1. Take the alpha carbon gyration tensor of region 243-337, find the square roots of its eigenvalues, order them as a ≥ b ≥ c, and report rounded if a/c is under 1.5; if not, report prolate when a/b exceeds b/c, else oblate.
2. Over the chain, what is the relative contact order in whole percent, taking alpha-carbon pairs under 8 Å and six or more residues apart?
3. Taking θ as phi - 60°, what are the ³J(HN,Hα) couplings along region 385-401 by the Karplus curve (6.51, -1.76, 1.60), each to the nearest whole Hz, with x for Gly and Pro?
4. Taking R0 as 51 Å, what's the FRET efficiency between His412 and Thr368 from their Cβ-Cβ distance, rounded to 0.05?
5. Tell me the angle of helix 52-75 to the major Cα principal axis of the chain, expressed in degrees between 0 and 90 and rounded to the nearest ten.
6. Which net charge results for the neighbourhood of Trp356, defined as the other residues with beta-carbon distances under 11 angstrom from its beta-carbon, given Lys and Arg at +1 and Asp and Glu at -1?
7. Hull surface divided by four, with the convex hull built on the Cα atoms of the chain: how many nm²?
8. Using the Karplus equation 6.51 cos²θ - 1.76 cosθ + 1.60 (θ = phi - 60°), what ³J(HN,Hα) coupling, rounded to whole Hz, does each residue of region 352-361 give in order, writing x for Gly and Pro?
Amino acid sequence: MTSTGPGTAISAGAAAQRELPHWESAPDDRPAAIREIKAALRARIEASGRSVAEVFGVIEARVRARAEEVAGDKARGGTVWPVIDYADIEAGTVPAEDLAKLRRRGCLVVRGHFGHEQALAWDQEILDYVERNRFFDTYRGPADDFFGSVGSRPEIYPIYWSPPQMQARQSDRMARVQAFLNAQWISESGGVQWFDPARDSLYPDRIRRRPEGANSGGLGPHLDPGTLDLWMTQAYQRAFRHLFDGTVEQYNPWDAAHRTAGPQYDGTTMCSAFRTFQGWTALSDMAHDQGVLHTVPIPEAMGYLMLRPLLDDVADDDMCGVTVNQVFPASASWHPLLLEALSGIPDVKAGDSVWWHCDMIHSVAPVTDQRGWGNVMYIPAAPWCPRNERYAASVREAFLTGSSPADFPPEHYERSWPDRFGVDQLNQTGRSGLGLS
Ligand SMILES: [Fe+2]
């Protein structure tokens, strides 16, 4: 007998689930906790009558088939990333094959999400906003980088409350795309609504402005939904139940069950919000070979990442390099099959937006002497749910005082800036996203 999903009565799967040890905050003795959870997860898989290697093999075969499709697309010179016109999302006329590709690849470029002129005007407006407020004179260096040189111009601006950012966050166009993306998930099951696909929580994030001529080392492949908590908290153990209870075939990366209320381990890299998709909106035109975002466009790869540490060739106190307070790495030594599929975005124009499933491996390619600017505002899809409602309370406070939001270093540049976006400029989407009405 196996668990068939939320709401199932007593079953072997559910019984085994109750027996898993769990840590609702990061364990003090990490190696001991890793040994304990790995033994328990292996035992649970084996209690279903299948071996760990067999279960991993099922996911590996699924991922390999996807990776071969990606390799085939690349060999034919095709676009790996799905591309959908904003106009089709607005009109509800997205072709079925594009929808299928979005679900298969888990990432998306929305063409013309905002008008080109609008996006370029926003870019200029952000620059005017920071210059007017003497940001470059007062910039104290990257708060989360010990080697940052004081007074240098940043690429990531710790700016959250400029009028363009808030106008984009509360715009109808943003709400429409977020609702479209949220609808790719199963938001309701077993009598529980895990999140509200029609209401976003306006997760405030920063701006990147990478200038022409920049050299950048890029960012290695990693993922952001969590670290050891993905195996160790009860909520995540339930979210990933099918990987561990012998029903691996039912693992669905689009199932939001048990993902939207549980805790997350503290850390400088944490995101308190549940995001269906991470995303950004382009504020400059960017060519595909100028240090852009890449993903492993295979949502099921998460199952591979979760099961890989349980195989025999990984030390008992090692989760393939995952620890707390650092991003979850994907590596050539443990995950070569996944990294083969790494695929960059196509050329984008200012006003296009880029989205990737929250569990997806992503990286930023290095660039030397960059052609053109590389400017984006980070705006994800973070639908209303218990977790995001909790975080929204601190977001509201940060918005009203111009502070840096709680997930970010406490730099608070905008507190004294008189022309930041004001409460009287909120529309209904803005008010509802901040939990004000
Ligand atoms: Fe990331």
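Only the coordinates and a few stated rules stand behind these numbers; no lab work does. Everything numeric here is computed off the predicted structure, so don't read it as measured data. Please note: Cβ atoms are built from the backbone with ideal geometry, for glycine as well, and neighbour counts cover all protein chains shown.
1. Because a/c hits 1.5 or more and a/b exceeds b/c, region 243-337 counts as prolate.
2. 26 percent
3. 7, x, 5, 6, 5, 4, 5, 4, 4, 6, 5, 4, 4, 5, 5, 5, 9
4. So, using R0 = 51 Å, E works out to roughly 0.90.
5. Orientation of helix 52-75: about 40 degrees from the principal axis.
6. Computed value for this residue: 0.
7. Over all viewing directions, the chain projects a mean Cα-hull area of 20.8 nm².
8. Ordered by residue, 3J(HN,Hα) equals 6, 10, 10, 9, 8, 3, 4, 8, 7, 5 Hz.
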